[in-house]
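Working notes, structure below.
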Amino acid sequence: MLLKEGYEIQAIQKYQEDFEKATGIDVELEVYDEPTARQKLVLDATSNTGTYDITSASFWNLPEYVSAGWLQPLDEYISKAKDEWLHLEDLPQGAMKSMTVDEQLYALPHTIIGGMFFYRKDVFQELGLQPPQTTDDILAAARTIKERRSDLVPFTARGAPSFASLGTELGWAYGYGANLFDEENRPQANSPEMRTAMNDFVTLMREYAPSDAASLTFTQAGEKFASGQAAMMFDTSGFGTIFEDPEQSKVVGKIGYTLPTGPAGKPLQWLYNEGLAVTEGSENKNAAWLFLQWRLSRETTMKELTELGRTDVPSLHVLDSPEYAAYAEEQGVTEFTKSLPKSWENATTEHWPFYPQFAKIGDTFAKEISSAIAGSQTVDEALAVVQTELTRIMKDAGHLK
């Protein structure tokens, strides 16, 4: 196994002996940072050595990996699966779709993240504000907080000029009915919906976010909220666990969670899913497929909750269980755990640019929006540049004539 480091592999590291005892199959595990893991996969796949049977697969890398022929489709295995470990109904459909390319499933998700809005309940109660349910609510609350609580930053989010901010920006725009590309691969960066969405987002970031909003990474944006400096934040559901951890947060017990919609009535998004995939070069595909089933089994994921304390376990069975409710009550995170499955249910890939060139696409978009946040250009000017650059990228890649 060749895996990217992260908290989602702790269950594999701790319980792999259970799999070995149950099957008689030996597991050899290699773990690296994401760039190194990718380099090793590329080397193994292009040299046809077949060293690795299973690898990590982030949803945004799948188009590249699939187009290169590095991964094995799983649909045939699922259709024949009779093992008691596999319960497809436990896996959120939005996450499964994100692991799908050209209607073929290539990985089983072990990390599932949706969009979530965080706000300071104590501040909102003090100011007589209701929990934000729409983007208009967020903008209105930001104005009130700025006027009446000058000691706080009203809002924080990612604004750095890299593709890591793309999920925030396109996820916000989805609520306005905006998509970056149409079904014929044509860029829609300067559509009326996208212009309205980005004008609202840039307004939040320029007028109500920290002074360094144009350079905020996901870590820095989260620190603004966790430290108590900011009253609102839009990002991934993954931050909920951090914000409720006394060792990482100063606002434990003061946080509210909502899933706002935009003017189009669609929920704001922040999609990130990661799965386990079987490599095309594997000589042990059946054993690898058995491992994937075990990893997402009810027994393994339940132990991940009860023994490892993971609240975003990638299993609807666990999230709906009495054990999960009891754990949430004991840890005082019930409000977050009730919002989490709803966030997953809202998750969609409709707005995501599933192209091997996604990094170039993301860098291009985020760079120009960051510049608008910094005040170097207007939103309309930024989106005009994005439209031109994305058209060139898509033509160079052969997606457009």
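The values are calculated or read from the model by the stated rules, or taken from the named source; none is laboratory data. Predicted model, so just to flag it, every value in this text is computed and none were measured. Neighbour counts run over all protein chains shown; Cβ positions are idealised from the backbone, glycine included. Note: areas computed on protein heavy atoms with side chains; ligands, DNA, RNA excluded. Shrake-Rupley method; radii C 1.70, N 1.55, O 1.52, S 1.80 Å.
The table below gives the values:
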quantity: Where Leu390, Leu259 fall by accessible area, highest first, once all protein chains stay in place (1.4 Å); calculated: Leu259, Leu390
quantity: Neighbourhood charge, 15 Å Cβ-Cβ cut-off, centred on Glu30 and excluding it, Lys, Arg +1 and Asp, Glu -1; calculated: -4
quantity: Solvent accessible area, Å² - Tyr65, 1.4 Å probe, full protein context; calculated: 10
quantity: Rule-of-thumb Rg ratio for the range 196-268 [Cα; 2.2 N^0.38 Å; N residues]; calculated: 1.17
quantity: The chain: relative contact order as a whole-number percent, Cα under 8 Å and 6+ apart; calculated: 27
quantity: Exposure ranking of Lys338, Lys401 by accessible area [1.4 Å probe, largest first]; calculated: Lys401, Lys338
quantity: Met205 - accessible surface, heavy atoms, 1.4 Å probe, Å² rounded to 10; calculated: 0
quantity: At most 12 other Cβ within 10 Å, DSSP loop - GluC sites (Glu not before Pro), the range 21-96; calculated: Glu28, Glu84
quantity: Alpha-carbon Debye profile of the chain, log10 I(q)/I(0) at 0.08, 0.10, 0.11 Å⁻¹; calculated: -0.44, -0.69, -0.83
quantity: The chain - mean residue ellipticity at 222 nm from DSSP helices (-39,500 (n - 2.57) per run, n ≥ 4, rounded to 500); calculated: -14000 deg cm²/dmol
quantity: Accessible surface of the range 1-141 [probe 1.4 Å, protein heavy atoms]: carbon and sulfur percent; calculated: 44
quantity: Asp212 accessible area, assembled protein chains, probe 1.4 Å, Å²; calculated: 60
quantity: Of all DSSP beta bridges in the chain, antiparallel share, percent nearest 5; calculated: 75
quantity: Compactness of the range 260-392 as Cα Rg over 2.2 N^0.38 Å, two decimals; calculated: 1.47
quantity: Viscosity 1.002 mPa s, 20 °C: Kirkwood-radius Stokes-Einstein D of the range 98-174 over Cα pairs, µm²/s; calculated: 140
quantity: Ranked order, Thr348, Thr46, Thr100 - accessible area, probe 1.4 Å, largest first; calculated: Thr46, Thr100, Thr348
quantity: Burial ranking of peptide ranges 163-169, 107-113 (average Cβ count within 10 Å, highest at the top); calculated: 107-113, 163-169
quantity: Net charge of Cβ neighbours under 10 Å - reference Ile255; Lys, Arg +1; Asp, Glu -1; calculated: 0
quantity: Rounded, prolate or oblate (a/c below 1.5 giving rounded, otherwise prolate when a/b exceeds b/c) for the range 175-324 by Cα gyration tensor; calculated: oblate
quantity: Net charge over other residues, Cβ less than 15 angstrom from the Cβ of Val153 (K, R count +1; D, E count -1); calculated: +3
